[in-house]
Number of protein chains: 2
Amino acid sequence: MSAARRVGIDVGGTKCLAVALDADGAVVGEARRATPKGPAAIIDTLVELATELGPAATLGVGVPGLVTRDGTLRAAPNLVDISDFQVGSLLRDRLGTDVEVDNDATCAAVAEWQLGAGRGADDMVMVTLGTGIGGGIVANGRLVRGINGFAGEIGHMVIDPNGPPCPCGRRGCWERYASGSGLGRLARDAAAAHRLDAVVAMAGGVDQVRGEHVAEAARQGDAAAMEVCDEFGRWVALGLVNLANVLDPGLFVLGGGLAASVDLFGEPITRWFGELLYAPHLRPHPRLVFADMAERAGAIGAALLPGVHRP
Amino acid sequence: MSAARRVGIDVGGTKCLAVALDADGAVVGEARRATPKGPAAIIDTLVELATELGPAATLGVGVPGLVTRDGTLRAAPNLVDISDFQVGSLLRDRLGTDVEVDNDATCAAVAEWQLGAGRGADDMVMVTLGTGIGGGIVANGRLVRGINGFAGEIGHMVIDPNGPPCPCGRRGCWERYASGSGLGRLARDAAAAHRLDAVVAMAGGVDQVRGEHVAEAARQGDAAAMEVCDEFGRWVALGLVNLANVLDPGLFVLGGGLAASVDLFGEPITRWFGELLYAPHLRPHPRLVFADMAERAGAIGAALLPGVHRP
């Protein structure tokens, strides 16, 4: 029944992925387009995708960046170079449909919470480990959006004020250590200290070392590469325990590109989490699980936004 | 009318402070006792205080430590040396009244949120700066308790994994820097580096330097002492901006003993907060205010707990 059809679109740096959900949350349609340049072209593409998968009762959109509660993208350096992109109201005008917009990591959190690994949780934190770190928070059975809509910018928690500089202008943000780019940085530091000679040979030079090289070498049993994976796991865990102190969730869901490498990072993250947790003997430990939905989480969560933003 | 009378008791390391609130939240009674040793004696004292200020429709109790959702104090090293003190159920059995128990900093947050500096806020964080750092969080217009009831343990956010050791067994917890004991440590470090000779003379030696000496010297215009206050303000602000990233509150309420020294710390905390905030040009800055209720916040918040825990 088309009246209950909910469309969600995840706008990425290179592609837009759209899904249609039926009333039960099953994916009943999917479409994708390259992400064009500039706000007007992006809106045209979103209208095309919504129309192709519609008619839809509601539309949700996930975008990378800071999104206000009324659906304005305040900034998204990897997407558009304007500072106020009124995604929500532009789409409402074009489509005449209920439209909700939120940050892409928040959308992934909504998907895992409503239909995936976090189903049924009243207190959970989703952490997306990709090029950076994003997040989404559920407390008291509701999405935590914050007064502006910017809650969950957990990648910019400072965990070492003397740490490496972050493009945000500060130093030692969590995502300098515990993201894909953080893994690359840890690996290049190890390489420069001659701890990763086999990886350097594989990559073609210290400066060419990326997280992927470390992962490949660790999978082949290279002990030095496995040590870097362990160090990476400790940094991931350090941020998680900070979030546990603040929010005391029952569940962490780890998603994003790096969560696919659970074979490498699952054990170190879990072990360090147990070691670093505050008052570990006085509490049931939060569960750490990996995301269910992989690439479609953002689009599925976007489709669920209208029901979640206004429960 | 006694049926609407709500009693709250704040159990501290040295004294128990009790208040009675009328239906409008006005304080209509107050009593205090020294905190006795041992769980049985503490329960007796709480029953005496509740009886003295009653008959009460509800009783709330704030205690220093980790409190489960059913009112069990898991640990409170400064209060009792047992690991499971069932404050809530013991009092319910004795009094036959509705009893709710929570962490003392959470109680202070409830008081400021319901009747004080945070009145009307849907998204706020209270930070109590005392010997350590405690906290309480409101999101979506509700208290965030966490799955166990341990949310708000913000003093144990690690902000420097190579920082000074914390009694919790880890290193670089926020309260090693931004609490009263943190101020003392910053001051002794400065003194050991001969940056605080006048303060050292006042205190009688480097090891005798306490936060109070720095505050006194700064109030007399000692430039080196004012620098330590500025450094302290930066550490307070660093933790606040981390919480802003996670929760995006509209308001921070700063309470606890150090918040009384707003003349010394208000300006540095506010200035550093503006400097360290993530994406400061893209958002309205959260308001930073100081607590209204001083010493009675914990007891007043405790009295309000029954209505807040079960809205």
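Of all residues in region A:199-226, which are within 26 Å of the chain's Cα centre (by Cα) and either over 18 Å from A:Y177 (Cβ atoms) or part of a helix (DSSP H, G or I) (or both)?
A:Q208, A:G211, A:E212, A:H213, A:V214, A:A215, A:E216, A:A217, A:A218, A:R219, A:A225, A:M226 - these are the residues of region A:199-226 that are within 26 Å of the chain's Cα centre (by Cα) and either over 18 Å from A:Y177 (Cβ atoms) or part of a helix (DSSP H, G or I) (or both).
I'd like the full set of residues that are more than 15 Å from A:L240 (Cα to Cα) and within 14 Å of chain B (Cβ to nearest Cβ), limited to region A:168-181.
A:C168, A:G169, A:R170, A:R171, A:G172
When you go through B:G134, B:G163, B:G155 one by one, which is the residue that is in a helix (DSSP H, G or I), in contact with a helix residue (DSSP H, G or I) (Cβ under 9 Å, 6 or more places away or on another chain) and either at pLDDT 95 or above or in the same structural domain as B:A105 (by TED's automatic domain parsing) (or both)?
After ruling out the rest, the residue left standing is B:G155.
Give the residues of region A:81-101 that are at pLDDT below 95 and either in a loop (DSSP other than H, G, I, E, B) or basic (K, R) (or both), sorted by residue number.
Listed by number, the residues that qualify are A:D81, A:I82, A:S83, A:D84, A:G96, A:T97.
Could you list, ordered by first residue, the pairs with Cβ atoms under 6 Å in which the first is in region B:8-21 and farther than 13 Å from B:A297 by Cβ and the second is among the basic types (K, R) and not in a strand (DSSP E or B), at least 6 apart or interchain?
What qualifies is B:A20/B:R5.
Yes or no: B:G118 in a loop (DSSP other than H, G, I, E, B), over 10 Å from the mean Cα position of the chain (by Cα) and at the interface with chain A (Cβ under 8 Å from one of its Cβ atoms)?
Against the criterion (in a loop (DSSP other than H, G, I, E, B), over 10 Å from the mean Cα position of the chain (by Cα) and at the interface with chain A (Cβ under 8 Å from one of its Cβ atoms)), B:G118 does not qualify.
Under 21 Å from B:V125 (Cβ atoms), touching a residue at least 12 places away in the same chain (Cβ under 8 Å) and surrounded by 18 or more Cβ atoms within 10 Å (Cβ to Cβ) - does that describe any residue in region B:214-223?
No - not one qualifying residue is present in region B:214-223.
Go through region A:241-271 and count every residue that is assigned to a helix (DSSP H, G or I), among the hydrophobic types (A, V, I, L, M, F, W, C) and more than 11 Å from chain B (Cβ to nearest Cβ).
Final tally of qualifying residues: 7.
Name the residue that is farthest from the other protein chains (Cβ to nearest Cβ), counting only residues in region A:137-151 that are of a type in the set (A, V, I, L, M) and not in a loop (DSSP other than H, G, I, E, B).
In this case the residue turns out to be A:V138.
Is there a residue being basic (K, R), surrounded by fewer than 20 Cβ atoms within 10 Å (Cβ to Cβ) and not in a strand (DSSP E or B) anywhere in region B:168-176?
Yes, region B:168-176 contains a residue that is basic (K, R), surrounded by fewer than 20 Cβ atoms within 10 Å (Cβ to Cβ) and not in a strand (DSSP E or B).
Which condition breaks for B:A105 when tested against (1) modelled with pLDDT of 95 or more; (2) more than 23 Å from B:L258 (Cβ to Cβ); (3) touching a strand residue (DSSP E or B) at 6+ places or on another chain (Cβ under 8 Å); (4) not in a strand (DSSP E or B)?
With respect to (1) modelled with pLDDT of 95 or more; (2) more than 23 Å from B:L258 (Cβ to Cβ); (3) touching a strand residue (DSSP E or B) at 6+ places or on another chain (Cβ under 8 Å); (4) not in a strand (DSSP E or B), B:A105 is out only on (2).
For region B:249-276: of the residues being over 18 Å from A:I159 (Cα atoms) and touching a Lys or Arg at 6+ places or on another chain (Cβ under 8 Å), which is surrounded by the fewest Cβ atoms within 10 Å (Cβ to Cβ)?
Filtering first and then ranking leaves B:D263.
Across region B:288-311, what is the total count of residues that are surrounded by fewer than 16 Cβ atoms within 10 Å (Cβ to Cβ) and within 14 Å of chain A (Cβ to nearest Cβ)?
So the count comes out to 2.
The values are calculated or read from the model by the stated rules, or taken from the named source; none is laboratory data. Everything numeric here is computed off the predicted structure, so don't read it as measured data. Using ideal geometry, Cβ is built from the backbone for each residue, glycine included, and neighbour counts are taken over all protein chains shown.
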